[in-house]
Each structure stands twice: as C-alpha cells, then as structure tokens.
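Structure first, then comments.
The values are calculated or read from the model by the stated rules, or taken from the named source; none is laboratory data. Quick caveat, the model's predicted, so the values are computed rather than measured. Cβ placement follows ideal geometry from the backbone for every residue including glycine, while neighbour counts extend to all protein chains displayed.
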Amino acid sequence: MSKDPIHRREFIKVLALTTAYSRLRDGDWFGTVLAEVSAQARPTVGILRLNIDDFPALRNDFGSVRIGTSRLAANVPAGLFYPMLINRAPGGQFYALNSECTHAGCAVPVFSRASNSSTCPCHGSRFAIDGRAITGPASFPLQSYKTSFDGANRLAIEIPDWPHEIAGSIVNGGAALPPRLQLKFLAFANLEFEVLFRASLSEPWKQVPFALTPDGAASQTVFPGIDDFANLYVDRTGGAGFYAVAIRIRPV
C-alpha cells in the first residue's frame, strides 16, 4: 500500500510566517496567543488579536479586563508571563499594559472607575488608565504595548520580544503512517499549548489533534508545559495550509 506523500514544498507555507492570534473558546478559556512556525527568523513581535464582543467589560468606556497564560499565586503568575491589562478609555482609545507593578512585581488588578485607578494589592501603588504611576511607592509607569482598534470590535496588540520560537520539519511516521510534520518548541512550565491549522490566511483557526511520538496516535489536543523542548507531531490536514502552536490564555 502506497503512502500519501508530503513533499517539503507543500510545507513551506507552514514555515513562512510569525504572528499571534486570539479567539474565543469554551469554558473559562478566553483565547489563545500563538506564534506560527518560522524557519527563517526568530519571532520578535507577536500580535494578539481580540474581538471586543468577547469581552463585555470592554464594550464601554473605562472598562477593563486582565488576561493571562497562567493563574496567579500570591499576586504573581505561576507561569512565565505576567497577565495583561486591557483598559478602554473614551474615544475608542485602548491601553494594553503589563500588569507587573513597577515597585515590587505584584500583579496589578483591573482598572476601577470608582478609584479611577488600578491599585496594587501589595503596597497600594495606583496607576492611571494609561498605566501612569499616580501614587507610590511605585514611581514608574506600567509597561505598555502598542494597540490598534478598527473602530468596531477588533483590537490588535503588539507584544515585543515574543519568545515563542517554533521549528518545523518532516519526519517519518512509521511503516503504517504517512510522513508527519514535527513541531519543536520550548514549552514553558505552567502554560498549556495546542496546535491550530487553517488552510488560508483568510480562514479561521481550527484546533487539530497531535501525537507525542512520530508513530503515536494523534489523539492529544492540549500539551502541558514542561520547561523543556517539546516535540508534537501532526498529520497532514488538506492539501496545504498553516500550522501554529498556541498558548492558551484566560481571565485572571
């Protein structure tokens, strides 16, 4: 029985882009941040794309949400990344901020209209809707990220120095399987990863199952981070398209 061959040229598109994306998910997960496979250069900027309709608090002025990749413990993230604050100001202005307090590193909560600030739970530093330090002990503003809003419901946030680099290669799937795409990346601890696919840049991402070995069953959908390099193996999905390894995010 002949195998359905996967030629390397058919996977070039898989290795061409770096980006980031967010989409609504079931349960308490709000979306995913991802970097597509890149064979040419390490990603330097990720783009987190949000649909404002998915976040009721952001539909109105002075609304605020805090999203992250891991839960908090004693006001610090269990994983590598601090949560992000997204605040909406009048005039359709959005501010995306790193929630890490510039005084002692506690995670700052969402913006409160009552106090007109985000108040650090550890030492009481207060920050304005745009991240400026209002009262100490913090004297520096929260780190901010560039945002762009389409005026309707789409918000894009640039995340600089995005560390999520992925390498892709074609491997033998074993005697009974066609070749597979191997995705290798550093799977930081306390994060959860999934694999997504889309046939073209205009189509939505879809979750696809993966295997943990070249010849294993492609039955996994979520991979818990191990603070080491991970290898995931996916079967061919259609004739051509784009694969991505995504980090799940949630409200925190």
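Would you confirm whether any residue within the stretch 238-252 is closer than 26 Å to residue 70 by Cβ, in contact with a Lys or Arg (Cβ under 8 Å, 6 or more places away or on another chain) and of a type in the set (Ser, Thr, Tyr)? No, the stretch 238-252 has no match at all.
On the given criteria, is residue 203 within 22 Å of residue 248 (Cβ to Cβ), in a strand (DSSP E or B), out of contact with any His (no Cβ under 7 Å at 6 or more places or on another chain) and of a type outside the set (Val, Ile, Thr)?
Spelling it out, it is not the case that residue 203 is within 22 Å of residue 248 (Cβ to Cβ), in a strand (DSSP E or B), out of contact with any His (no Cβ under 7 Å at 6 or more places or on another chain) and of a type outside the set (Val, Ile, Thr).
Here residue 241 fulfils each of the conditions (1) surrounded by 14 or more Cβ atoms within 10 Å (Cβ to Cβ); (2) within 18 Å of the chain's Cα centre (by Cα) apart from (2).
Summed over the stretch 83-112, residues that are closer than 14 Å to residue 144 by Cβ and in contact (Cβ under 8 Å) with a residue 60 or more places away in the chain total 4.
Quick check on residue 208: is it surrounded by 15 or more Cβ atoms within 10 Å (Cβ to Cβ), within 29 Å of residue 175 (Cα to Cα) and not assigned by TED's automatic domain parsing to the domain that holds residue 73?
On the way: surrounded by 15 or more Cβ atoms within 10 Å (Cβ to Cβ): yes; within 29 Å of residue 175 (Cα to Cα): yes; not assigned by TED's automatic domain parsing to the domain that holds residue 73: yes.
Taking the combined requirement at face value, the residue satisfies it.
Put simply, of 119, 102, 135 the only residue that is among the β-branched types (Val, Ile, Thr), surrounded by fewer than 16 Cβ atoms within 10 Å (Cβ to Cβ) and either more than 30 Å from residue 222 (Cβ to Cβ) or in contact with an Asp or Glu (Cβ under 8 Å, 6 or more places away or on another chain) (or both) is 135.
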